[in-house]
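Below is one structure, written out as structure tokens, with a few remarks after it.
The values are calculated or read from the model by the stated rules, or taken from the named source; none is laboratory data. Note that the structure is predicted; figures quoted are calculated from it, not measured. Here the Cβ positions follow ideal geometry from the backbone for every residue, glycine too, while neighbour counts run over all protein chains shown.
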Amino acid sequence: MKSAIYGRMRTGRCITTEEVAAQRRLLAGEEIRLLGCSADVLETLDRRCSGNVECNIRVSDIPDENIQPCFPGLKMYLETSYDCVISES
């Protein structure tokens with residue numbers, strides 16, 4: 001694993017009215033931030049994936065690790081970078 005970021009990093013993803021409403025309820029009077037919240041989850045993915053022939057990670061598994069970089073109600077996504085290494089026997 002080279003990198004793994006979980007959150008809401010940039011525009012281009014749909015932001016639903018439900019997400020905006022949830023933000024307004026949570027942050028009454030504060031600035032609403034819908035983008036730019038993220039967490040480095042490289043250690044988590046490295047622990048689960050590195051050295052394996054296959055690795056399946058569900059985005060829904062990440063909050064189980066007590067990782068919640070954005071406000072509740074926002075849909076987050078995972079961006080990863082990795083190299084596949086062929087083992088010489």
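Only residues that are in contact (Cβ under 8 Å) with a residue 24 or more places away in the chain and surrounded by fewer than 15 Cβ atoms within 10 Å (Cβ to Cβ): list them for the range 47-64, please. Once the filter is applied, which keeps residues that are in contact (Cβ under 8 Å) with a residue 24 or more places away in the chain and surrounded by fewer than 15 Cβ atoms within 10 Å (Cβ to Cβ), the range 47-64 yields Ser50, Val59. Within the range 63-89, track down each residue that is charged (D, E, K, R) and modelled with pLDDT of 80 or more. The answer is Glu79, Asp83.
Consider the range 36-89 and keep the residues that are of a type in the set (Val, Ile, Thr) and under 14 Å from the mean Cα position of the chain (by Cα). The one that is farthest from Glu18 (Cα to Cα) is Thr44.
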